[in-house]
Number of protein chains: 2
Amino acid sequence: MPHKRRAKTHIKMQMSRQDIEQSLRDKGLQPTLQRVGICQFVLCMADHPTAEDVHAWAEQNLGKISLATIYNTLGSLVDVGLLRELKFSHSEKSIYDNNLDEHHHFFDVKTGLIHDIPVQNLELSMNLGKPFKVEGYEILLKGTVKP
Amino acid sequence: MPHKRRAKTHIKMQMSRQDIEQSLRDKGLQPTLQRVGICQFVLCMADHPTAEDVHAWAEQNLGKISLATIYNTLGSLVDVGLLRELKFSHSEKSIYDNNLDEHHHFFDVKTGLIHDIPVQNLELSMNLGKPFKVEGYEILLKGTVKP
DNA sequence: GCCAACATTAGAATGATTCTAAACTTAGAA
DNA sequence: TTCTAAGTTTAGAATCATTCTAATGTTGGC
């Protein structure tokens, strides 16, 4: 059973190899060495990494691994809902988010880092014309974060 | 002098060739045939077009024109502040927005169209930790629009 | 009318991502 | 065990939006 730990703006999943293997199997994915390794990083350690970040970590920690495998694995994890893929205007690269709770984002313009903002910290009220049926929304805050 | 006209969610600038030429000159850009032509479309007619959309229109209406010219021109217009460039998660392509007022966006998930939402139609209240200094924010609403 | 500065162009280059097709691994069945 | 079919990984090619290059074309003063 994964247990939880407090973090600044969201709760990061702490999972053992077994937990990860089980999650993958539950989602119909074989828990291969590469996949479990990538999951360790992307589900438990990384904070909004790009595919390139994941590849760099994997080469360091798992040995030689193809970029295609990184993309395949990230794609599969997104498909089964263990990960979310995001794109922001300030970069052409996708970033991957392991926070599965509904949340918004804060972009630190100084550091380039993305922080998660829980939905309950923002409240949006809208006054649109009748024709608009809103099904959801994304809010991106921008600014700086004091150390 | 450009005059104005009401539209659903924002006011579209109606400009003569002369107006456009003057705007360009005011911004320090030579009003070449290509630039004026592209401006006619992108400032007065188009609704959140991609570079490809602009190129297609230009080939139709101005004759053969290089894609590089489209990108150069759009880039210049963005640089001088006559146009804004936006990227959304649902597409890899940039789109160009001629609405210079501060505003948010509504993505119609059925049609793929983007609609502008004036700032005064949304109100955001936030309750973040002390370290966050918010300098601005972007809101993307998603849903459908009744015809 | 000339020339330097600015624009346009075709096509090559770039960079992120996806595809391809071959080689490898695995999970079961036999 | 051994076999096999399905699922994975891989290197490298392909793709797609965008940018760059460097050659050619145009323009606005003088």
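Results, tabulated for the structure shown:
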item: Residue-averaged beta-carbon neighbours from other chains (10 angstrom radius) around B:25-32; result: 0
item: Size of electric dipole in the range A:100-143: Cβ of Lys, Arg +1 and of Asp, Glu -1, about Cα centre, debye, nearest 20; result: 260
item: Pseudo-label separations to other copies for residue B:110 - Cα-to-Cβ vector, 7 Å, nm; result: 4.6
item: For residue B:129, inter-copy label distances in nm, listed shortest first [label point 7 Å out on the Cα-Cβ vector]; result: 4.3
item: Solvent-accessible area per residue for chain B (1.4 angstrom probe, square angstrom); result: 58
item: DSSP bridge orientation in the protein assembly as shown - percent antiparallel, rounded to nearest 5; result: 85
item: Copies compared at residue B:85 - label distances in nm, ascending, label defined 7 Å from Cα in the Cβ direction; result: 2.2
item: Shielding score for B:120-132, defined as the mean number of other chain Cβ atoms within 10 Å; result: 6
item: P(r), alpha carbons of chain B - 5 Å bins starting at zero, rounded %; result: 2, 8, 17, 19, 19, 14, 10, 6, 3, 1, 0, 0
item: Cleavage-rule hits, trypsin sites (Lys or Arg not before Pro), the range A:92-147, DSSP coil, Cβ neighbours within 10 Å at most 10; result: A:110
item: Chain B: relative contact order in percent, alpha carbon pairs under 8 Å with at least 6 residues between; result: 18
item: Degrees separating the helix A:51-62 axis from the principal Cα axis of chain A, which is the longest one; result: 30
item: Local electrostatic count at residue A:53 - Lys and Arg +1, Asp and Glu -1, tallied over other residues with Cβ under 13 Å; result: -3
item: Residue-level accessible surface for residue B:79, protein heavy atoms, 1.4 Å, Å²; result: 130
item: Summed residue charge, Cβ within 15 Å of residue B:102's Cβ, Lys/Arg positive, Asp/Glu negative; result: -4
item: Computed helical MRE - 222 nm, chain A, DSSP H runs ≥ 4 contributing -39500 (n - 2.57), nearest 500; result: -9000 deg cm²/dmol
item: Cα-centred dipole magnitude for the protein assembly as shown, charges only on beta-carbon of K, R (+1) and D, E (-1), debye, nearest 20; result: 320
item: The range B:46-115, dipole about Cα centre (Lys/Arg Cβ +1, Asp/Glu Cβ -1), debye to the nearest 20; result: 160
item: Using alpha-carbon coordinates, inclination of helix A:17-26 to the longest axis of chain A, degrees; result: 70
item: Other protein chain Cβ atoms within 10 Å, averaged over every residue that makes up A:34-40; result: 0
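The values are calculated or read from the model by the stated rules, or taken from the named source; none is laboratory data. All values derive from a computational prediction rather than experimental measurement. Note that we place each Cβ from the backbone using ideal geometry, even for glycine, and neighbour counts take in every protein chain shown. Surface accessibility is based on the protein's heavy atoms, side chains included, excluding ligands, DNA and RNA. Shrake-Rupley method; radii C 1.70, N 1.55, O 1.52, S 1.80 Å.
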